[in-house]
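**Q** Would you mind keeping the following structure in view while I ask a few things?
Taken together, the values in this text are just the output of simple stated rules run on the coordinates, not laboratory data. All figures in this text were calculated on a predicted structure; none of them were measured in a lab. As a convention, Cβ positions derive from the backbone with ideal geometry for all residues, glycine included, and neighbour counts pool all protein chains shown.
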Amino acid sequence: MLATLALDIQPATTSRIAELDPNNMVFGQLFADHMLAAEYVNGAWQSARIVPYGPLQISPATSALHYGQ
């Protein structure tokens, strides 16, 4: 069975579509105006939202940052 969650959409105040050059699209250098944000708590996904593109907030204890372990 497929379960769905509510999806809150927060539109960006500006668009970068005018900056797009279809003849010069380089991988890893072109990003959408929005991104999906969702939390995973106690083994379950919480409500997801689409928000304007921006920095991610992560804990300094995130295991991905401790690659030298």
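**Q** What FRET efficiency, computed as 1/(1 + (r/R0)^6) with R0 = 30 Å and r the Cβ-Cβ distance, is obtained for Asn42 and Asp8, rounded to the nearest 0.05?
**A** Values: r = 21 Å, r/R0 = 0.69.
Once rounded, the FRET efficiency stands at 0.90.
**Q** If you compute Rg and Dmax of the Cα atoms in Å for the structure shown, which of [x] 11.6, 38; [y] 14.9, 48; [z] 16.4, 45 do you land on?
**A** Computed from the coordinates, Rg and Dmax of the Cα atoms in Å corresponds to [z].
**Q** Let me ask something else. Counting DSSP beta bridges in the chain, what percent are antiparallel, to the nearest 5? Walk me through the numbers before you get to the answer.
**A** Values: 6 of 9 bridges.
Taking every DSSP beta bridge within the chain, about 65 percent pair in antiparallel fashion.
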